[in-house]
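Data block below; observations after.
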Amino acid sequence: MATVAELRARVREWRREGARVAFVPTMGNLHAGHISLIELARRHGDRFVASIFVNPMQFGPNEDFAHYPRTPGRDAGMLAAAGCDLMFMPDVHEMYGPGATPPTRVEVPEISSVLCGQFRPGHFEGVATVVAKLFNIVQPDVAVFGEKDFQQLVVIRRMVADLCFPITILGAPTVREADGLAMSSRNQYLGDEERRIAPAIHHALLAATRAIGSGSADLDAIERDGAAALAAHGLQVDYFAVRRRLDLRVPVADDRELVVLTAARLGKARLIDNLQVDRL
Ligand code: PAF
């Protein structure tokens, strides 16, 4: 289904039947990580919608929008097999209109300008705008996002709270390859040697969370050690940071619920990952 009108008509029918609607927005090129989001969504709704839309607004001018892997036929098969009731695949015109003027934008301040926001200006504005539009189109009761994109999840939770969307947001745990690498569509940009090195990200995050979990209080040293471990493997580190889970601010002494986040470039891929940890 490709138009907003068709989707709304179908969802209206479901609502008349009293169904609870669950939604997973994606950019397609689905993998096991997406399937886990879908499984979680299906447990929370009677009807399930997935969208596939590679959102130009969340890519910077020198980023991979043109090359982002697009596999709609395969995605449709995977969604059908996963029990998806409706796949929404709008084109850019359907989502943004004729495009001569920029659309109304949704900006979630502060959280959007730190960490990945520092290296990808405008990215989270693009994400918040498209997700707000998709929420208004689908009007789900529940929506599921991966914890792999932890900053995105925090931005969306904040947007939903601030703009009073009547939607429950669920985070789904990151799905990993056997060697620890977080699943991502961008992993396919890695060459063989880079793919061998990439699990260093998970190992550095594990070392950091172990240090925090066993009582180490020097978070600056933990960040420095994590970044150095990745650099030693030849990754170009954008950041390696310990933050509060709630709002991604720098933790103060009383904060217990933390997350260690990193973004690093390896060849053509920019990889992000994170691990949550509770401080003693
Ligand atoms: O996580 C993604 O795939 C995208 O950022 C999202 C949430 C579908 C918005 O385009």
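The values are calculated or read from the model by the stated rules, or taken from the named source; none is laboratory data. As the structure is a prediction and not an experimental result, all values here were calculated from the model. Quick reminder, even Gly has a Cβ in these numbers, built from the backbone with ideal geometry, and neighbours come from all protein chains shown.
Taking the listed residues Ala208, Ala253, the one that is modelled with pLDDT of 95 or more and either of a type outside the set (Ser, Thr, Tyr) or surrounded by 18 or more Cβ atoms within 10 Å (Cβ to Cβ) (or both) is Ala208, with no other qualifying.
Restricting attention to segment 14-23, does a residue exist that is within 14 Å of the ligand (Cβ to nearest atom) and touching a residue at least 40 places away in the same chain (Cβ under 8 Å)? So far as segment 14-23 goes, yes, one or more of its residues are within 14 Å of the ligand (Cβ to nearest atom) and touching a residue at least 40 places away in the same chain (Cβ under 8 Å).
In segment 158-186, of all residues being among the charged types (D, E, K, R) and not in a loop (DSSP other than H, G, I, E, B), the one that is farthest from the chain's Cα centre (by Cα) corresponds to Asp162. Mind listing whichever residues of segment 33-53 are farther than 20 Å from Ala182 by Cβ and either among the basic types (Lys, Arg) or within 12 Å of the ligand (Cβ to nearest atom) (or both)? Scanning segment 33-53 gives Arg42, Arg43, Arg47, Ala50, Ser51, Ile52, Phe53.
State whether the residues of segment 89-102 include one that is in contact (Cβ under 8 Å) with a residue 12 or more places away in the chain, away from the ligand (no atom under 13 Å from the Cβ) and of a type in the set (Ser, Thr, Tyr). Show your work before the answer.
So in segment 89-102, the residues in contact (Cβ under 8 Å) with a residue 12 or more places away in the chain come out as 89-92, 94-96.
Filter once more, keeping what is away from the ligand (no atom under 13 Å from the Cβ): 91, 94.
Going one step further and asking which of them are of a type in the set (Ser, Thr, Tyr), we end up with none.
No, that holds for no residue.
Please indicate, with yes or no, whether at least one residue in segment 97-112 is at pLDDT 95 or above, touching a strand residue (DSSP E or B) at 6+ places or on another chain (Cβ under 6 Å) and either crowded, with 16+ Cβ neighbours inside 10 Å or within 30 Å of Glu39 (Cβ to Cβ) (or both). No.
On the basis of being surrounded by fewer than 19 Cβ atoms within 10 Å (Cβ to Cβ) and either basic (Lys, Arg) or within 13 Å of the ligand (Cβ to nearest atom) (or both), does Arg70 make the cut?
Values: surrounded by fewer than 19 Cβ atoms within 10 Å (Cβ to Cβ): yes; either basic (Lys, Arg) or within 13 Å of the ligand (Cβ to nearest atom) (or both): yes.
When the stated conditions are applied, Arg70 passes them.
Scan segment 154-168 for residues that are surrounded by fewer than 18 Cβ atoms within 10 Å (Cβ to Cβ) and within 13 Å of the ligand (Cβ to nearest atom) and the total you get is 1.
Take Gly126 and decide whether it is surrounded by fewer than 21 Cβ atoms within 10 Å (Cβ to Cβ), at pLDDT below 95 and out of contact with any strand residue (DSSP E or B) (no Cβ under 8 Å at 6 or more places or on another chain).
Values: surrounded by fewer than 21 Cβ atoms within 10 Å (Cβ to Cβ): yes; at pLDDT below 95: no; out of contact with any strand residue (DSSP E or B) (no Cβ under 8 Å at 6 or more places or on another chain): yes.
The answer is no for Gly126.
Residues that are touching a helix residue (DSSP H, G or I) at 6+ places or on another chain (Cβ under 6 Å) and of a type outside the set (D, E, K, R) do not occur anywhere in segment 184-191. The single condition among (1) part of a helix (DSSP H, G or I); (2) in contact (Cβ under 8 Å) with a residue 12 or more places away in the chain; (3) closer than 22 Å to Asn136 by Cβ that Ala5 does not meet is (2).
Just one of (1) buried (at least 21 other Cβ atoms within 10 Å of the Cβ); (2) under 24 Å from Thr26 (Cβ atoms) fails for Leu235. It is (2).
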